[in-house]
Amino acid sequence: MATRPHHRLALAVTTALVVLTAAPGAAAAAPPDPALLEAVTELVEDELYSKVVYDVHRGEEVVAPLGVISVQKAPVRGLVAQVQARGDLEFTHRYSNCWYTTGKDGPMAWCEFDATLPGHGGLTLATTMLTVKRDAVPEQIFAIPFRWQSKSWADSRGGLRKTIDFFKSPGAAVTRGTEGKVGLQNRRLPMADVRANGNNARLRLVDGPPPSPSPSPSPSTSPSSSPSPSATASASSSPTPAGEGGGEGSGGGGGLPVTGGSAAAASVGLALLLVGVAALLAGRRRRPLP
């Protein structure tokens, strides 16, 4: 009995699937995480699902909470976190509970923790992991992608080390850090707009040093000795020739003229001269007539 064409096609597809499944280099499908986790960061107060944008500076470590919360009642024993360094961010510390490699989006770290995440509880990384490059440009500062998984998820893939092989770029080296450990701290951040185990913390490059509090007024700048309107206008405007003198502050608006000190001295001298002349005339009138 001859085999029908559609039977032959079904047999060929089945054979191909068997061969691909048995092939040693075939990529295994990612098993679902048995734990219900959500990756979270800070949200702007009173703004629904609007994430905080963190200011960063060249050559400085990035301080941004990369957190996880549990959306299940049962505790989660053991966690795994992935952190990526995109654009002009880099890993300047290599922690001993993390593996470092390169993926399709750039350098990344996979870290493992023995901590227990309580039911409906929250944790964040207690250690900074990334630094802004000294020659960073705003166009290369994006965000920090990160994700959280349970240790059970990694174990189902053969352990964290084999999990990293699945996500790294072909031929990329995988190295383990030696500088102590990344810690976790208790902190329950709000739920984000994306209910998933992957998220990102938004960044913004700022020029100059971090802002410092404004100093309190010194005695020289108290209201009783405040500068004249002309001086105030010059200090608050850009240093252009018009701001150095000859503008509105030197004439109109009720301000003192720039030559006010010289005019006062001249007035005093004139008054003294008039007093002397008057005294001379008075002395002459007292003399007896010849």
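Per-residue answers, yes or no, for (1) surrounded by 14 or more Cβ atoms within 10 Å (Cβ to Cβ); (2) in contact with a Pro (Cβ under 6 Å, 6 or more places away or on another chain); (3) at pLDDT 95 or above:
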{"position": "141", "(1), (2), (3)": "yes, no, yes"}
{"position": "145", "(1), (2), (3)": "yes, no, yes"}
{"position": "154", "(1), (2), (3)": "yes, no, yes"}
{"position": "164", "(1), (2), (3)": "yes, no, yes"}
{"position": "168", "(1), (2), (3)": "yes, no, yes"}
{"position": "176", "(1), (2), (3)": "no, no, yes"}
{"position": "179", "(1), (2), (3)": "no, no, no"}
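Just to be sure before I move on: is residue 109 over 19 Å from residue 200 (Cβ atoms), assigned to a strand (DSSP E or B) and among the small types (Gly, Ala, Ser) in the structure I sent?
So residue 109 does not fit the description; no.
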remark   = Residues of the range 135-163 being over 19 Å from the mean Cα position of the chain (by Cα), touching a residue at least 12 places away in the same chain (Cβ under 8 Å) and in a helix (DSSP H, G or I), in sequence order, are 151, 152, 153, 154, 156, 160, 161, 163
note = Residue pairs within 8 Å by beta carbon, gap of at least six or interchain, first lying in the range 102-117 and in contact (Cβ under 8 Å) with a residue 12 or more places away in the chain and on the phi > 0 side of the Ramachandran plot, second outside any strand (DSSP E or B) and buried (at least 17 other Cβ atoms within 10 Å of the Cβ), listed first then second, are 106/85; 106/86; 106/87
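Check 124, 116, 101 and return the single one that is more than 24 Å from residue 42 (Cα to Cα) and in a strand (DSSP E or B).
Step by step, each of 124, 116, 101 is checked, and only 101 is more than 24 Å from residue 42 (Cα to Cα) and in a strand (DSSP E or B).
When you check residue 73 against the structure, is it modelled with pLDDT of 95 or more and more than 21 Å from residue 154 (Cβ to Cβ), yes or no? Spell out the reasoning first.
Working: modelled with pLDDT of 95 or more: yes; more than 21 Å from residue 154 (Cβ to Cβ): yes.
The answer is yes for residue 73.
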task = Take residue 60 and decide whether it is surrounded by fewer than 19 Cβ atoms within 10 Å (Cβ to Cβ), modelled with pLDDT of 95 or more, more than 21 Å from residue 123 (Cβ to Cβ) and of a type outside the set (Ser, Thr, Tyr).
result = yes
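The values are calculated or read from the model by the stated rules, or taken from the named source; none is laboratory data. As the structure is a prediction and not an experimental result, all values here were calculated from the model. Quick reminder, even Gly has a Cβ in these numbers, built from the backbone with ideal geometry, and neighbours come from all protein chains shown.
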